[in-house]
1. Once phi is turned into θ = phi - 60°, what whole-Hz ³J(HN,Hα) does the Karplus curve with 6.51, -1.76 and 1.60 give for every residue of the range 11-28, x standing for Gly and Pro?
2. Relative to the Cα centre, what is the charge dipole magnitude of the chain, using +1 at the beta carbon of each Lys and Arg, -1 at the beta carbon of each Asp and Glu, and rounding to the nearest 20 debye?
3. From the helices alone, meaning DSSP H stretches of at least four residues, give me the mean residue ellipticity at 222 nm for the chain, per-run term -39500 (n - 2.57), in deg cm²/dmol to the nearest 500.
4. List the relative contact order of the range 2-63 as a percent without decimals, with contacts defined as Cα pairs under 8 Å and 6+ residues apart.
5. Give the long-range amide H neighbours of F24: residues separated by 5 or more places, or on another chain, with amide H under 5 Å away, using H modelled in the peptide plane at 1.01 Å from N.
6. Where only protein heavy atoms count, and the probe is 1.4 Å, what is the accessible area per residue for the chain in Å²?
7. Using per-residue counts of other Cβ atoms within 10 Å, averaged over each peptide, order 43-51, 15-23 from highest down.
8. Of the options S44, A20, C10, report the single residue whose Cα projects farthest towards the positive end of the charge dipole of the range 6-54 (beta-carbon charges: Lys, Arg +1; Asp, Glu -1).
Amino acid sequence: MKVTVDLAKCDGYANCVAAAPGVFDVSDDTGKVIVLTGRLDEESSQGVVEAVRDCPMRALSVEGPS
Ligand code: SF4
């Protein structure tokens, strides 16, 4: 599974950080999301699915097998 971020949509709400703290962070400089790792194990994949669902800006998407 690969996570994709549309930075033009991201507004720094950090819901994704709450859902998957090992995968996402919000930059102090830009106020936008940072993807910390491209490696998604089973646990972090679950968090990423929650993050996609919880992002109020619909800035996150996933593709590929889960
Ligand atoms: S929840 Fe969405 S809008 Fe908020 S920081 Fe994450 S990607 Fe950006």
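1. Taking θ as phi minus 60°, the curve returns 10, x, 6, 6, 4, 5, 5, 5, 7, 9, x, x, 10, 10, 9, 10, 5, 5 Hz for the range 11-28.
2. Dipole size: approximately 200 debye.
3. So the calculated ellipticity at 222 nm is -7500 deg cm²/dmol.
4. Contact order relative to length: 46 percent.
5. Those qualifying (amide H under 5 Å, at least 5 residues apart or on another chain) are L36.
6. Accessible area per residue, the chain: 65 Å².
7. So the peptides 43-51, 15-23, ranked by packing, come out 15-23, 43-51.
8. C10
The values are calculated or read from the model by the stated rules, or taken from the named source; none is laboratory data. Computed from a prediction, not measured in an experiment: that's the story for all the values here. Glycine gets a Cβ as well: all are built from the backbone with ideal geometry, and neighbour counts include every protein chain shown. We work out accessible area using only protein heavy atoms, side chains counted, and drop any ligands, DNA or RNA first. Shrake-Rupley method; radii C 1.70, N 1.55, O 1.52, S 1.80 Å.
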